[in-house]
Structure formats: C-alpha cells, structure tokens
Amino acid sequence: MRIDVLTVLPGLFDCFLREGVIGRAISRGKVDVRVHNLRDFTTDKHRVVDDVPYGGGPGMVLKPEPIFKAYEELSSKGEKPYVILTEPWGEKFSQEMALELSRKPRLLIICGRYEGVDERVKEIVDKEVSIGDYVLTGGELPAIVIMDAVLRLVPGVLGNRESLSADSFSDRGLLGYPNYTRPSEFRGMKVPEVLLSGHHKRIERWRKEQSLRRTLKMRPEIIEKLKREGKLTEEELEILKEIEKEGGNPA
C-alpha cells in the first residue's frame, strides 16, 4: 500500500514514520508513505497556500490551486489515489472504515487547516473523515490516527496477524476482553483462576463473556445493533441471558 499525505507541516510526521510498528514496516518496504509539503505545489515566490474567505469572516481558507496541482502531479504516474480530506464534520472514523481503507492500493490524505479548504477541492475528494466531534488546529493529527489504524491492517505490518482478531471493534464491534500477564498476583490483585487453568474452552468462553460484559457496560448500543442484525451467536445470546439473570449488571 502507498499513502501520500498533503500538508503544510510535514515535520509533524517525522517521528510517527520513523518509530514503532509503522516505522519498521516502512523500513522493511511493507508500506510506502510519502509526505508532501503543500507549499511545494505553489507558483508564487512567497509560496502562499491560503487566502481570506469570500464574503468575509474570520480565519483563512486553503486555496484550491496548490491542492489540485499536487493531486494532478501525484496522479499522473500510476494509479489514481483514493482521496481523503480530514474535516471536523466528515464521516466518523471507525475500525470498519479503517478496514475498508486498508484494502485500497493507494490513498492520498489532504490535511485540512485554518477554516478549511476551498469547497471546490471537494471535487477530487472521495471521502471526508473526522476522528471525533471536536476541532483541532489542523488535520495532521487526524491523518496520523487514520494512517496508524489503516497501516496496521496491511498484511505484513504486524508480526502476529492473530492479534488483529482480538482488537476491540474488530469482532463485529465488540470491545476486547481483559488481559493479564506475570506475576499471577500483584499487590493482592490476582489473575482470574480460569486463565491459569490451561483449559482452552473455558478460557475462550470466559473471554467471550468478558467481551460482552465490557461492551454492554461501555457501549450498550453495539449489543443492541448486533441483536437487531442477528449477528450474535447462540452461545453469546446464552451468555447475555446469564448476565441479565444477575440483574442486568454488566460490571
């Protein structure tokens, strides 16, 4: 997979692209990430990328010319990228969207900034994306969040593919189960006995139960949605009935 990023602050991506899982994936050639300075696509000597909005109002707006120029140059060789624009009012980013985007061979992420981009830029945008209902100083952090979630799903990026199936939100949206490691007792807090039993079927059922309890407590709407869509197994429905018999307390 290749991802191009268009930004006025390319230096913000240096650490993310150099360190950790993503940095190793890039160094091994598993993914290709290229960050482009939007100012490199300007034609004036001052490299201006923004201007005042027509009709008045506060702030500045990113100009269309350098964005279109960047898009056309990046699209001139090879496959046209799937274009994402980071916007506070865009579609809410999710694990489902991350999986969808991870299947694209090439992405171009345009980092919004100031009061946004000239509306005409939307002509080349495939999806406007928001990471939450709040406003940041720019779209660089959302771009990093999107890339991190997407790139870890690309085959070969994670050393253990099985860990993906245990991620929260990966299994139909259910939250993940609790995890423990050594020591088995720490400051009076003990690891659940079932995890020390070596009984794989009991452990598997315990994890399903804990995942359901956590989801029911933190995100009950996910359980309701899965019920409506008929996506819960008979075992999961049985576990939920047992939880309800306890008084409906998921904790």
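Key figures for this structure:
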item: Antiparallel bridges, percent of DSSP beta bridges restricted to the range 1-98 (to nearest 5); result: 25
item: Neighbour net charge for Pro192 - beta-carbon separation under 12 angstrom, K R +1, D E -1; result: 0
item: R0 of 45 Å, Cβ-Cβ distance Lys127-Tyr54: FRET efficiency to nearest 0.05; result: 0.95
item: Under 19 Å, Cα to Cα: Lys pairs in the range 170-245, sequence gap 8 or more or different chains; result: 15
item: Per-selection Rg to Rh, the range 1-105 - Cα, Kirkwood hydrodynamic radius; result: 1.00
item: Computed label-point distance, nm, for sites His46 and Ile26 using a 7 Å Cα→Cβ extension; result: 3.2
item: Between the range 98-142 and the range 28-83, the alpha-carbon center distance in angstrom; result: 12
item: Under 28 Å from Lys122, Cα to Cα: lysines that are on another chain or at least 8 residues apart; result: Lys45, Lys63, Lys69, Lys77, Lys80, Lys92, Lys104
item: Average Cα contact separation per residue, the range 196-251, under 8 Å, 6 or more apart, as relative contact order %; result: 40
item: Ascending count of other beta-carbon atoms within 10 Å, so fewest first, for Val150, Val135; result: Val135, Val150
item: Rg/Rg_ref, the range 170-245, where Rg_ref = 2.2 N^0.38 Å and atoms are Cα; result: 1.22
item: Net length gained if the chain between Glu185 and Arg34 were fully extended (0.36 nm per residue, minus Cα distance); result: 49.7 nm
item: Set of aspartates and glutamates near Lys127 by C-alpha distance (under 18 Å), chain-local residues within fewer than 8 positions excluded; result: Asp4, Glu72, Glu79, Glu87, Glu91, Glu96, Glu100, Asp118, Glu119, Glu140, Asp148
item: Length released on extending from Arg228 to Arg2, taking residue separation times 0.36 nm less the Cα-Cα span; result: 77.6 nm
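The numbers here are math on the coordinates, done by the rules we state, and not lab data. Because the structure is predicted, anything quoted here is derived from the model rather than measured. Don't worry about glycine lacking a Cβ; one is built from the backbone with ideal geometry, like all the others, and counts go over all protein chains shown.
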